[in-house]
Amino acid sequence: MTTTEHPLAARREEAVTERVLASFDQSPDPRLREVMHSLVRHLHAFARDVRLSEAEWGTAIEFLTRAGHITDERRQEFILLSDVLGLSMLTVAINEQDAQGATEATVFGPFFVDDAPEAPLGGNLARGATGTPFYVSGRVRSVDGTPIDGARVDVWGADDDGYYDVQYDGDRSAGRGWLRTDPDGGYRFWTVLPAPYPIPHDGPVGDLLAAAGRGPMRPAHLHFKVAAPGHRTLITHIFVAGDPYLDRDAVFGVKDSLVVEPAHHPAGPAPDGTHPRGDWTSMTFDLVLAPDDHH
Ligand code: BEZ
Ligand code: FE
């Protein structure tokens with residue numbers, strides 16, 4: 001650690017940290033006390049470590065201020081910051097259960113919406129999102145293999161221009177929806193094959209990535225949130241195999257077990273009896289839920 005060489009300065013610095021730590025000693029909530037003590041210790045150690053200049057402190061405040069100003073109902077710059085710093089994936093890792101065989105989790109991201117439309121099993125979630133038709137199916141089951149009837153499967157994805165519906169003007173809902181599994185745990189729907197896309201990079205987080213020589217791209221993926229009673233809610237994606245960005249996801253979300261190769265088909269009959277008029281793609285992926293940890 002590059003703390004100061006000067007004993008007087010070192011004592012002055014430590015005195016600040018100790019007083020701030022002590023100010024949280026009486027917090028009535030023990031967890032708040034624990035978290036704030038640790039935060040202060042690490043934050044102060046960080047400032048000492050880099051010998052933070054006043055100008056740099058000012059730059060950081062300006063950065064956070066810009067993040068606040070650009071954040072609204074549709075844009076969440078703070079989640080984005082957490083994502084590009086790997087804090088989101090670290091939090092996922094810390095909280096993931098080691099349930100043998102459960103589908104691995106990944107970042108939630110900022111583009112989920114609570115009131116997405118319900119779709120029938122086999123329905124089309126694209127509703128105007130452009131791209132190659134993509135038929136996704138599989139089963140939702142427990143780690144012991146039991147199919148989960150009536151699980152709620154929320155899905156959201158970008159169109160082939162790399163945009164989510166919420167990034168367009170207006171209120172249109174496209175490329176998202178939710179459905180319930182059948183008694184065999186089966187789910188199936190049509191959407192469009194996702195494309196790689198940049199995370200929103202016209203704000204302070206984008207400036208940070210540019211300054212660091214990092215790219216904003218995420219490999220192509222489709223988001224899932226899967227919920228069923230007695231099970232831990234799963235938040236994950238499936239990634240498209242072969243994507244050039246799989247090894248440099250801007251938000252560190254890729255896990256090998258989530259990378260799947262889509263099958264490519266010419267126009268013709270699909271498994272659900274429909275006849276896509278052009279090329280289409282498909283993928284099968286089972287979603288395996290860990291037991292709820294409150295049991
Ligand atoms: C997403 O995959 O939707 C996403 C995740 C993190 C940051 C930006 C977007
Ligand atoms: Fe995404």
Quiz item: Wholly within the stretch 1-115, which helices (runs of 4 or more DSSP H) include no fewer than the required count, namely at least 1 residues that are polar (S, T, N, Q) and more than 16 Å from ligand 2 (Cβ to nearest atom)?
Solution: 7-23, 30-49, 54-70, 87-95
Quiz item: Between residues in the stretch 156-169 that are over 12 Å from residue 193 (Cβ atoms) and residues that are more than 12 Å from ligand 2 (Cβ to nearest atom) and of a type in the set (Val, Ile, Thr), which pairs lie under 8 Å by C-beta distance while being six or more apart or on different chains?
Solution: 156/113; 161/130; 166/113
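Please verify whether residue 113 is within 29 Å of residue 135 (Cβ to Cβ), within 15 Å of ligand 1 (Cβ to nearest atom) and surrounded by fewer than 18 Cβ atoms within 10 Å (Cβ to Cβ), treating the condition exactly as stated.
Taking the combined requirement at face value, the residue satisfies it.
Examine the stretch 234-241 for a residue that is outside any strand (DSSP E or B) and not aliphatic (A, V, I, L, M), and state whether such a residue exists. Show your work before the answer.
Looking only at the stretch 234-241, we keep the residues that are outside any strand (DSSP E or B), and these are 241.
Narrowing further to those that are not aliphatic (A, V, I, L, M): none.
No, that holds for no residue.
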Quiz item: Got a sec? Which of 71, 103, 132 is outside the structural domain of residue 251 (by TED's automatic domain parsing) and surrounded by 13 or more Cβ atoms within 10 Å (Cβ to Cβ)?
Solution: 71
Quiz item: Just one of the numbered conditions (1) aliphatic (A, V, I, L, M); (2) modelled with pLDDT under 95; (3) touching a Lys or Arg at 6+ places or on another chain (Cβ under 8 Å) is not true of residue 195; which one?
Solution: (3)
Quiz item: Just checking, which of 75, 141 is charged (D, E, K, R) and within 15 Å of ligand 1 (Cβ to nearest atom)?
Solution: 75
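Quick check on this structure: which one of 222, 209 is part of a helix (DSSP H, G or I), within 16 Å of ligand 1 (Cβ to nearest atom) and touching a Pro at 6+ places or on another chain (Cβ under 7 Å)?
Working: 222 fails: part of a helix (DSSP H, G or I).
Checking each option against the conditions leaves just 209.
Restricted to the stretch 264-273, and to residues that are surrounded by 10 or more Cβ atoms within 10 Å (Cβ to Cβ), without any contact (Cβ under 8 Å) to a residue 24 or more places away in the chain and in contact with a Phe, Trp or Tyr (Cβ under 9 Å, 6 or more places away or on another chain), which residue is nearest to residue 194 (Cα to Cα)?
Step one: of the stretch 264-273, the residues surrounded by 10 or more Cβ atoms within 10 Å (Cβ to Cβ) are 264-265, 267-272.
Add one more test, that the residue is without any contact (Cβ under 8 Å) to a residue 24 or more places away in the chain, and what stays is 264-265, 267-269.
With in contact with a Phe, Trp or Tyr (Cβ under 9 Å, 6 or more places away or on another chain) added as a condition, the list becomes 264-265, 267-268.
Values: 264: 14, 265: 16, 267: 19, 268: 21 Å.
So, considering only residues that are surrounded by 10 or more Cβ atoms within 10 Å (Cβ to Cβ), without any contact (Cβ under 8 Å) to a residue 24 or more places away in the chain and in contact with a Phe, Trp or Tyr (Cβ under 9 Å, 6 or more places away or on another chain), the one nearest to residue 194 (Cα to Cα) is 264.
Looking at 253, 215 in this structure, which one is surrounded by 12 or more Cβ atoms within 10 Å (Cβ to Cβ), part of a loop (DSSP other than H, G, I, E, B) and within 11 Å of ligand 1 (Cβ to nearest atom)? Steps first, please.
Values: 215 fails: within 11 Å of ligand 1 (Cβ to nearest atom).
253 is the lone residue from the list that is surrounded by 12 or more Cβ atoms within 10 Å (Cβ to Cβ), part of a loop (DSSP other than H, G, I, E, B) and within 11 Å of ligand 1 (Cβ to nearest atom).
The values are calculated or read from the model by the stated rules, or taken from the named source; none is laboratory data. Here the structure is a predicted model, which means the values were calculated and not measured. Please note: Cβ atoms are built from the backbone with ideal geometry, for glycine as well, and neighbour counts cover all protein chains shown.
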